[in-house]
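The values are calculated or read from the model by the stated rules, or taken from the named source; none is laboratory data. Keep in mind it's a predicted model, so treat the numbers as computed, not measured. We place every Cβ from the backbone using ideal geometry, glycine too, and count neighbours over all the protein chains shown.
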Amino acid sequence: MKTYCVIGNPVAHSQSPRIHTLFAEQTGRAVTYTREALDLKTFETDIAELFSDGLHGCNVTVPFKERALNVCAHLSERAQEAQAANTLIREADGRLRGDNTDGVGLARDLTHNHGVTLSGARILIAGAGGAARGIVRPLLDASPEAVVISNRTPSKADDLATAFAAAGPVSSLAYDALPAQPFDVLINATSTSLSGAVPPIPDHCLGADSVLYDLMYAKTPTAYLRWGQDAGASRLIDGIGMLVEQAAESFYLWEGVRPDTAPVIEALSQI
Ligand code: ATR
């Protein structure tokens, strides 16, 4: 039996054990997957202890994704670029490799599950924190016409656009400077949905065919998706598919088999 877990604080709400248990059943892998709430003061030593006690790998969630880099001997390119790791893998010599599957999870959910064409698309990212940083590269890899980053603190959007400038057509604009031309895809990568707030994207950025995507998910539509609906958008997507897709990529990194995500997304949507 191989053991995995999700590490965060708080972590009681995490759907990851349910998702990975469904993956294990589906693929016939002998895997157990639990939750571990680690102390903010002792995160690094606690992780080392879990792995020396036999843990095979883990997911890392808020607030530890950035600190997880400190415990890794190696990092994938996508973890380096995101400056965060959401997946730790124990290598044969016992050392840890950090990876980040969040961005690829988003791109896969948009393109495979929702049939959204990113190639040639004009994409707006609202937010410039950790969640936004993790999705810029996979979006640029899909050959969009433009990725524009807007943030409440504009200098952070400028810094993020500059960091990825060599990877594709990414720029930054203040929310109130966004042009009156609808974006094809508008992604909420702010933490506003946690507080029921909405990023101040002008309504003129939204058209009837725009796709609104919230990286967050909740039992009822987030304030961001409700705003989109009220403003006339019809394609509204929350982050449940991304959650399952990033998990599938982690499972693949650990177990070498790619689970079918559709039945798991379906099962989670019914909670
Ligand atoms: P995460 O890891 O979830 O990205 P983070 O790094 O703290 O968390 O980033 C939170 C993001 O949400 C930031 O872009 C933040 O904007 P600031 O950089 O200006 O703080 C954004 N955010 C949070 N509350 C917001 C609000 N009420 N309106 C607009 N943006 C908000």
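Values computed for the structure shown
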quantity: V257 being away from the ligand (no atom under 15 Å from the Cβ) and crowded, with 22+ Cβ neighbours inside 10 Å; calculated: no
quantity: Filter pass, P199 being closer than 18 Å to T153 by Cβ, in contact (Cβ under 8 Å) with a residue 24 or more places away in the chain and part of a loop (DSSP other than H, G, I, E, B); calculated: yes
quantity: Failed item in (1) crowded, with 23+ Cβ neighbours inside 10 Å; (2) under 12 Å from the mean Cα position of the chain (by Cα), with N151 passing the rest; calculated: (2)
quantity: Strands (runs of 3 or more DSSP E) enclosed by the range 48-128 - at least 2 residues per element that are out of contact with any Pro (no Cβ under 8 Å at 6 or more places or on another chain) and among the hydrophobic types (A, V, I, L, M, F, W, C); calculated: 57-60, 87-90, 122-126
quantity: Whichever residue in the range 78-111 is without any contact (Cβ under 8 Å) to a residue 60 or more places away in the chain and more than 22 Å from E44 (Cα to Cα) and, among such residues, is farthest from the ligand (Cβ to nearest atom); calculated: T111
quantity: Of all residues making up the range 230-247, the number that are surrounded by 13 or more Cβ atoms within 10 Å (Cβ to Cβ) and either more than 29 Å from V198 (Cα to Cα) or not small (G, A, S) (or both); calculated: 10
quantity: Test: G130 is within 17 Å of the chain's Cα centre (by Cα), outside the structural domain of K65 (by TED's automatic domain parsing) and either surrounded by fewer than 22 Cβ atoms within 10 Å (Cβ to Cβ) or polar (S, T, N, Q) (or both); calculated: yes
quantity: Selection from the range 122-134 of residues that are among the aliphatic types (A, V, I, L, M) and within 10 Å of the ligand (Cβ to nearest atom); calculated: I125, A126, A128, A131, A132
quantity: Search result, residues across the range 159-204 that are touching a strand residue (DSSP E or B) at 6+ places or on another chain (Cβ under 7 Å), of a type in the set (A, V, I, L, M) and within 15 Å of the ligand (Cβ to nearest atom); calculated: L160, A161, L173, A174, L178, L186, I187, A189, I201
quantity: H204, sole failed condition from (1) surrounded by fewer than 19 Cβ atoms within 10 Å (Cβ to Cβ); (2) assigned to a loop (DSSP other than H, G, I, E, B); (3) of a type outside the set (G, A, S); calculated: (2)
quantity: Filter pass, Q26 being free of Cβ contacts under 8 Å to residues at least 24 places away in the same chain and either part of a loop (DSSP other than H, G, I, E, B) or assigned by TED's automatic domain parsing to the domain that holds E91 (or both); calculated: no
quantity: Residues (in contact with a strand residue (DSSP E or B) (Cβ under 7 Å, 6 or more places away or on another chain) and within 16 Å of the ligand (Cβ to nearest atom)) located in the range 226-247; calculated: G228, D238, G239
quantity: Residue match in the range 211-220 (condition: within 15 Å of the ligand (Cβ to nearest atom) and surrounded by fewer than 21 Cβ atoms within 10 Å (Cβ to Cβ)); calculated: yes
quantity: Count of residues meeting criterion [over 14 Å from L88 (Cβ atoms) and touching a strand residue (DSSP E or B) at 6+ places or on another chain (Cβ under 9 Å)] in the range 21-52; calculated: 10
